[in-house]
Amino acid sequence: MARNLLVSPQPGAYPTIRDALEVATPGCTISIAPGTYEEALAVSDMAVALVANGAAGSVTVDAVFTDPGPLDTHTCSVIWDQDTQTPAVPGNLSEQFHSCSATRVLSAGVYSVRVTVRDNDGGEGSATIRVVVVDPRAGSAAGHGQVWSPHGALTAEPKDSGHTTFEFDAAYKHGATRPTGEAELHFRRFHFQSLSYEWLVVAGSKAQIGGSGKVNGKPGFTFLLTAYDDDPHGSCRDERGHELRWEDVDRSPDLRSAPDETGHHGHHPVPGIDKFRLKVWNSTTGAVVYDNVPRAPDDIDSASPEAIYSGCVVIGHPAGRRWDHPGREHRER
């Protein structure tokens, strides 16, 4: 089954979001071309990302509900991002069509939109969907260093824990609707390498990348990479405040103190530590094979990426800027 689905008036694409949802599998990305799609969607608990291609703008949710009580009256509300504790706002309810709708201008980001309908008997029903809004002009993201993989990070070997190396970069080329770049992670016998990026979200000091990749050389995996840049100036520094050149990051002393075998740091983390998380799952079954922050939410605001102990993350530089280091060979997708 296709993992990446396009909704567009173009020939060969799915004409409606509903059509794409009907054939989507867990971990699927549905890219939606600019336009107006007036349709009712049945929202399930399946992990599917709806990605709006084009500039940020108005997003409308329209949820249809059922109620066995034919004489009940209803109210509805919408939380535009429940992971940032956004307050609920009243929705526009239609008793005739049993629907609740709301519209809001959303900037680039990842939103867990939740619609709740209540009746006058005290009954209540809710549905949540993850909406990804991308803005190719928001900048790029790059990172390189080491992070700790705790027990349970590697599903096949849940007792394993230890040092993990990672590197990634992502940016939208001028006029492109999909980002380019590369991501890799090594943990003991586990080697992940990206094959393609589907979307990149840069929201302030946070970034998230979705795409496909291979594990130990075998394709068929989907990934979600989340990174936080704790330095608003976008530079790489050690804990003494000394700025590091990008090519020096992997040769610099681990001044931030690597965890011991229990996962505890030798001293308290210093301010300015960047954060990184990679979640990888089987594109067909949805089974997670690696996640260095197991069971944390996927939303960019609540993903809880792990503090790195060497290297750095740089987010928000103008699109297309590369942060190369010696020996790194970029493969353009």
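Each value in this text was obtained by applying a stated rule to the coordinates, not by laboratory testing. All of these numbers come straight from a predicted model, not from anything done at the bench. Glycine also receives a Cβ, built like all others from the backbone with ideal geometry; neighbour counts cover every protein chain displayed.
Below is a table of values for the structure above.
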{"read-out": "Residue-wise HN-Hα coupling along the range 215-222, computed from phi with Karplus coefficients 6.51, -1.76, 1.60 (Hz; x: Gly, Pro)", "value": "10, 6, x, 9, x, x, 10, 10"}
{"read-out": "Within straight-line cross-link reach of LYS206, lysines at Cα separation under 23 Å, skipping those fewer than 8 residues along the same chain", "value": "LYS173, LYS275, LYS279"}
{"read-out": "Inter-site label distance for ARG18 and THR66 at 7 Å from Cα along Cβ, in nm", "value": "1.5"}
{"read-out": "Projected area, mean over directions - the range 61-128, Cα convex hull, nm²", "value": "4.6"}
{"read-out": "Karplus (6.51, -1.76, 1.60) ³J(HN,Hα), θ = phi - 60°, over the range 70-85, in Hz, Gly and Pro reported as x", "value": "x, 9, 5, 10, 9, 10, 8, 9, 10, 9, 6, 7, 6, 7, 10, 6"}
{"read-out": "Cβ-based net charge around GLY143, under 9 Å, with every Lys or Arg adding one and every Asp or Glu removing one", "value": "-4"}
{"read-out": "Under-5 Å amide H pairs with TRP199, H placed in peptide plane, nonlocal only", "value": "GLY210"}
